[in-house]
Amino acid sequence: MLIPVTFLSLAVLIVTSEDTSPYPPLVNSHFQPHLYHGCYGDIMSMDTPGASCDIDRLINCGISGSEMFAEMDLVPMKKYETIIKDVGQKQCVDPALIAAIISRETHAGSALRDGWDYQGLKFGLMQLDKHTYQPTGAWDSEEHLTQAVRILTDKIKAIQRKFPTWTMSQHLKGGLSAYRSGIDDIGTPSDVENDYTNDILARCKFYKRHGF
């Protein structure tokens, strides 16, 4: 029995498209939020000690401290759940990671005045510095959140290119560090093990368990 040439061409096209895809297939987070982790690793499998404990912060630190602050921000964070998930899906980023950054940076917007920090230097839920970026959209809009998440993914990809032998966890932490402080001072894996990255990963796990 002869198979039509058009059918064979279509089959080859489908297989080729699947085999050359640079990212894992997306999972619809609205139906299976516990399965979706985007393109930058499963954060639930990454180790983190949580927020740093030092002489100035002997309590409210570690994993319990990170989770305490994440829980404090959970109710106001729910206001942004829809746009967080939509942006996460479109940019292939775990929505729980976006929520964790928003919690760390602005306490889900509650620490802002008209979208700005108290110094008037950083704007939006994920706090973009006006001296480095030209903010787009309203501070709590999907447009602006998309801008910030794209900047984050650009930083992660820059770390991937600079340190191709690093683990996925190190690439993610490196991207978070670069998002906060720039990439120039990152040279070794120890440079990305800091309070900011470890606190965010601990908060991320909390939000993952709470539906993000």
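All of the numbers you see were taken from the coordinates with simple rules; none came from a lab. The structure displayed is predicted, hence computed values, not measured ones. Positions of Cβ are backbone-derived with ideal geometry, glycine not excepted, and every protein chain shown enters the neighbour counts.
What order do you get for S169, S190, S110 when you list them from fewest to most C-beta neighbours inside 10 Å? Ascending Cβ contact count within 10 Å gives the list S190, S110, S169. Cross-link partners of K162 among lysines, defined as those whose alpha carbon lies under 23 angstrom from its own and excluding same-chain residues fewer than eight positions apart: K173.
Our coupling estimate for the stretch 139-155, obtained by passing each phi through the Karplus curve with A = 6.51, B = -1.76, C = 1.60 and θ = phi - 60°, is 4, 10, 8, 5, 4, 6, 4, 4, 4, 5, 5, 5, 5, 4, 5, 4, 5 Hz, Gly and Pro reported as x. Other residues with beta-carbon under 11 Å from the beta-carbon of L121 carry, at +1 per Lys or Arg and -1 per Asp or Glu, a net charge of 0. Ignoring lysines fewer than eight residues from K78 along the same chain, the ones with Cα atoms less than 20 angstrom from its Cα are K90, K205, K208. Cβ crowding within 10 Å ranks R113, R209 as R113, R209, fewest other Cβ atoms first.
Cβ crowding within 10 Å ranks M68, M77, M126 as M68, M126, M77, fewest other Cβ atoms first. Calculated from the alpha-carbon coordinates, the stretch 32-209 shows an Rg and a Dmax of 15.1, 42 Å respectively.
The order of the peptides 102-108, 151-157 by mean Cβ neighbours within 10 Å, most packed first, is 102-108, 151-157.
Sketch the reach of a paramagnetic label on E142 as a point 7 Å from Cα along Cα-to-Cβ, and name the residues of the stretch 42-85 whose backbone nitrogen lies under 16 Å away. It comes to 79-85, nothing else.
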